[in-house]
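These notes concern the structure reproduced below.
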Amino acid sequence: MSETSLSTVLEAILFGAGRSMSVAELAELLERPQAEVQSALKDLQVTIRRRRDSALQLTEVAGRWIFEVRPSLSPHLPESFRADIPQRLLPAAALIAYHQPMAQSQLVDMLGQRAYDHVRDLANTGLIGRRRDGLTRRLTTTRRFAEYFGCPEVEYRKVRTWFRKEAAKMGLTSAQLAASLAPDEQLTISEFSEEEEVESEPLEVEE
């Protein structure tokens, strides 16, 4: 299989999957060395960037690859056809996955006031759940979140463990990982302050 044809096959797989996939997953599927797959993905990413009027972009998110509609096209799409998670929401999604069940107030401490809008948008797409817990809300990921990011687990504690392992592989703290997911935003994210992380099930569902 030539390098060009490998890139073409990768394009077909990722487009057809409709979710993010890791290099290891793709290499195992194609029975190819991971280094070769990684190189082909980089080449494919460059090729797609050079395509005239391309509607899609190939994005690496937390070590996983996924096809997305270019952000500049989102305003032109019907609401029901827009991408589930714009790049600007990825930092909040990563922080919630890493620290869940996460207090919304803690997310605000890390991201600033934009966190309120991001929580609302993530909840509206069905990627996170919000539950009342005293004066704040506890934020957790959902089955849809796990499916979107290709996580093999669904239960939020297991998703948290998986997400932390993925970050550890890259040697990143949660704040560093979150900032890397939306480089265009040039975010300054505060590190997670050490406090007791709630392990009990959150309470009343927030509609």
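A single entry from VAL119, VAL154, VAL198 fulfils the requirement of being modelled with pLDDT of 90 or more, surrounded by 11 or more Cβ atoms within 10 Å (Cβ to Cβ) and at negative phi: VAL119. For the condition in contact (Cβ under 8 Å) with a residue 60 or more places away in the chain, in a helix (DSSP H, G or I) and not assigned by TED's automatic domain parsing to the domain that holds GLY150, GLU11 does not qualify.
The values are calculated or read from the model by the stated rules, or taken from the named source; none is laboratory data. Keep in mind the model is a prediction, meaning the values are calculated, not measured. All Cβ positions, even for glycine, are placed from backbone atoms using ideal geometry, and neighbour counts span all protein chains on display.
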